[in-house]
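Readers should treat all values here as calculations from the given coordinates under stated rules, not as data from a laboratory. Just so it is clear, the model here is predicted, and its values are computed rather than measured. So basically every Cβ, Gly included, is an ideal-geometry build from the backbone, and we count neighbours across all protein chains shown.
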Amino acid sequence: MSSLDSDYDSNFEDCYSDIVYEPEENNMKRFCIALCDLYNVKIHGPGPLGHYLVNCRYKILHMDWISETSDFIHTEYQVLQSYHHDLHPNYRNIVLQENYIKPEIVECIHIDGCLVAIIKTFWIKIIQRTWKNILKKRAESLKCRQTLSAILNKEINGKWSKYCYSTGGIQGLLLNR
């Protein structure tokens, strides 16, 4: 082994410890980025049924490392012998999707000696979708206020018609989902 190889190995180990949590290492933050996997007795052995297991946790969002790990796990699912799952009858369709293993924002907890993930990313998607709908309603109300009939109604009555008001804001964003 040449000195270049040993330098590469030590740099790899330094980068690895800066990017990826060791399995036993505690993270100082409540949430972290992780690759998660539906627990399956046939793959993972006895453990917490119905939960997501943490495959890999990351200290920083390093997409090269995450993509490489994700591709490796996805390749392993391609050659899986049995796609049976006790809770998910469509388990095969779930794990063979291209985006099954993807980075998630998770809260990690220990259950039965396993590191289990509580996925929080879906809340971000819900908030984004709701906020997009609110902005769409605001744009419609502005468009309504620019019509001649709405402007005349405002001059005569002193207020906009009920069709020209936008609804929603940050307060109560998820209240009327």
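Values for this structure:
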quantity: Packing-based exposure ordering (other Cβ within 10 Å, fewest first) of 111, 73; calculated: 111, 73
quantity: Relative exposure of 54, 20, 79, 41, judged by other C-beta atoms within 10 Å (fewest first); calculated: 79, 41, 20, 54
quantity: Reduced Cα scattering model of the chain, Debye log10 I(q)/I(0), q = 0.17 Å⁻¹; calculated: -1.12
quantity: The chain: DSSP helices with Cα axial extent of at least 20 Å and average Kyte-Doolittle hydropathy no lower than -0.5; calculated: none
quantity: Value of [θ]222 nm, deg cm²/dmol, for the chain, DSSP H segments ≥ 4, -39500 (n - 2.57) each, nearest 500; calculated: -13500 deg cm²/dmol
quantity: Out-of-range pairs (alpha-carbon distance over 19 Å; input 125/162; 132/162; 137/162; 59/102; 29/59); calculated: 125/162; 132/162
quantity: Region 79-129: GluC sites (Glu not before Pro) in DSSP coil with no more than 14 other Cβ atoms inside 10 Å; calculated: 98
